[in-house]
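The values are calculated or read from the model by the stated rules, or taken from the named source; none is laboratory data. Everything numeric here is computed off the predicted structure, so don't read it as measured data. When we count neighbours, we look across all protein chains shown, and the Cβ atoms used for this are built from the backbone with ideal geometry, even at glycine. These area figures cover heavy atoms from the full protein model, side chains too; ligands, DNA and RNA do not enter into them. Shrake-Rupley method; radii C 1.70, N 1.55, O 1.52, S 1.80 Å.
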Amino acid sequence: MCGIVGIVSEKRDVAESLLEGLKRLEYRGYDSAGIATLIDGKLAMRRATGKLKALSDKLESDPLRGHVGIGHTRWATHGRPSEDNAHPHSSEKVALVHNGIIENYRDLRHALEAKGHVFRSETDTESIAHLITDFLNMGMTPQEATAAALPCLDGAFALAVLFQDHNNLLIGARRGSPLAIGYGEGEMYLGSDALALAPMTNRITYLEEGDWVEITAESAIIHDKHGDIAIRAIHETGLSALEIGKGTYRHYMLKEIFEQPVVIGDALETMTFGDYQIALPDLPFDWKNIRRLSIVACGTAYYAGMTARYWFEQLAGLPTDFDVASEYRYRGALVDPSDVMIVISQSGETADSLAALRYAKERGQKIVSVVNVQHSTIARESDAIVPSLCGPEISVASTKAFTSQLIVLLCMALQAGEKRGFLSTDKATEIVDALRGLPSKMNDVLRDDNRLQEVAQNIATTKAIFYLGRGLMYPLALEGALKLKEISYIHAEGYPAGELKHGPLALVDEHMPVVVLAPYDSLFEKTSSNVQEIVARGGRIHLFTDKVGHANIGAGITWSLVLPAIHEAIAPILYAAPLQLLAYYTALAKGTDVDHPRNLAKSVTVE
Ligand code: M6R
């Protein structure tokens, strides 16, 4: 979850470009940052706690020269955020940056301390610096020392290593955490992702599991996990330096929320044709032959998967399990090789989702991933990819990735329903038709956000809040609550509306706002009864509904937002937008750091 970047150049100082790369990786972690370069062969370093701005200020007052360097932005795992624990970590001979967790670091540390190595941090990473140094002390070259050190490490890592006195060398290595090589003119790069390198190059090679690479300003030599020279493809990414700007928006989150109508429109253009036909990439199985589908994901992507379960069961008659990825393999999931798994992930790098994928794949299941980042590890390890293609999502709080995942998953369910002979043409046409009207409805909702801004001022004063929904609105209630807690730090719980009376209703009083998602659908009457139960106990209902729902909900509602009427099957996609805005404006009212919520990182590449 940390971000790493490295540059080796023939002729220019690299610190400024390293900092620019780190800015693009700050979404991966932001509790400290650091840069190391070689100045006339000697290691030099600047590190600072807090966001990148602190490092940037330090570099301004105390610049770093050097044609070769590495940089890091940290999400702390071992050792609190502090300057000593910030990367790069160094010995007298190497400096390195690391993304991942070294599980056997205590054993390594004890052994190396016994040999006289002096540790200065509480991190797992520092043991790698001393381990490589130990091999260098035996007379090995940097390449030999790295090759000797890597098999001693248990756990996950992406590494970039700088060696004293080697002005034209960087070594990178990957096991379990992503690392890409970038090709430039008279210089070469390493980065956690292609986005970090986009201002410098769009020619990228993604290292495979177990690979390590020696790069100079002119070339890259890749070794596979057996030490043999490996040839890996170079991809043109299509990412540009411009793509990650905030434009006129105050935050990435707001920009990404407002991008949704266009993102959805583009996705529908690619995935639907004719009255109701769905165009998806070829899948390595026949929907007709599947008996059971299993969906795994984390966080927001998990709630997209939970929504999709309703669609696959209701529209395709396909029994569907869904699991939070971090639990999947630990519950000892029974995997039938003739079934299919869908992994959903914006980044395509989430460690728990990847581990679930591998668990199912090892047991013979076909894997389809719904990913946004096309060359990510999850994408590469899947049998097929259905891209969600919402463009770079920078804000830690996921918004457009969620709605674009929903679009893809709904299209998959429609295709499955048609191929399995479960879904009538009339119903498919009705839904595709409704989908095509969605971008303009969402645009209307987004442009009319004054009432959300107002109510957010009240929500911001509360300590706890419930989000309720039934049917397809239940996963969205969970997602709405996640969005609020993640960026406003208000305790928010999503519940199925019918479950409240089985315990949580005890929490409801006149101070408790309760957000209810209740379009006038087939479950409206049931939800409406639950609303009255809450009103009777003094709860303050904040209702998201449509015109008919508003007219039929009954008395006692504290606040309501009337949304355009929408087909029941796609209502969660539309209703996601005002919930995202509610979370955003509440966070704004509380003055939190919207794009960089405390303790979090966007891409969670550790278990
Ligand atoms: O990249 P992924 O979609 O695999 O990430 C999964 C979760 O970490 C992510 O959705 C997280 O819950 C978001 N911060 C929620 O806004």
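So the values come out like this:
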| quantity | calculated |
| --- | --- |
| Tally, over the range 290-311, of residues that are more than 16 Å from Q365 (Cβ to Cβ), buried (at least 24 other Cβ atoms within 10 Å of the Cβ), away from the ligand (no atom under 13 Å from the Cβ) and of a type outside the set (S, T, Y) | 2 |
| Filter result (without any contact (Cβ under 8 Å) to a residue 24 or more places away in the chain and crowded, with 24+ Cβ neighbours inside 10 Å) within the range 175-196 | G182 |
| Selection count where residues are among the small types (G, A, S) and open to solvent by 20 Å² or more (accessible area, probe 1.4 Å), scope the range 18-43 | 0 |
| Residue within the range 239-249 that is of a type in the set (F, W, Y) and part of a loop (DSSP other than H, G, I, E, B) present | yes |
| Count - residues of the range 208-224 that are in a loop (DSSP other than H, G, I, E, B), in contact (Cβ under 8 Å) with a residue 24 or more places away in the chain and over 27 Å from the mean Cα position of the chain (by Cα) | 4 |
| In the range 315-332, the residues that are in contact (Cβ under 8 Å) with a residue 24 or more places away in the chain and either under 24 Å from the mean Cα position of the chain (by Cα) or open to solvent by 50 Å² or more (accessible area, probe 1.4 Å) (or both) | T320, D321, F322, D323, V324, A325, S326, Y328, R329 |
| Residue count for the range 197-207, restricted to those that are over 14 Å from L170 (Cβ atoms), open to solvent by less than 30 Å² (accessible area, probe 1.4 Å) and in contact (Cβ under 8 Å) with a residue 40 or more places away in the chain | 2 |
| Considering residues of the range 395-421 that are of a type in the set (V, I, T) and surrounded by 24 or more Cβ atoms within 10 Å (Cβ to Cβ) only, the residue nearest to the ligand (Cβ to nearest atom) | T399 |
| P284 being within 30 Å of D448 (Cβ to Cβ) and not in a strand (DSSP E or B) | no |
| In the range 352-373, the residues that are near the ligand (Cβ under 9 Å from one of its atoms) and open to solvent by 10 Å² or more (accessible area, probe 1.4 Å) | D352, N372, V373 |
| Options T73, T37; residue that is of a type in the set (S, T, N, Q), under 26 Å from P178 (Cβ atoms) and under 25 Å from the mean Cα position of the chain (by Cα) | T73 |
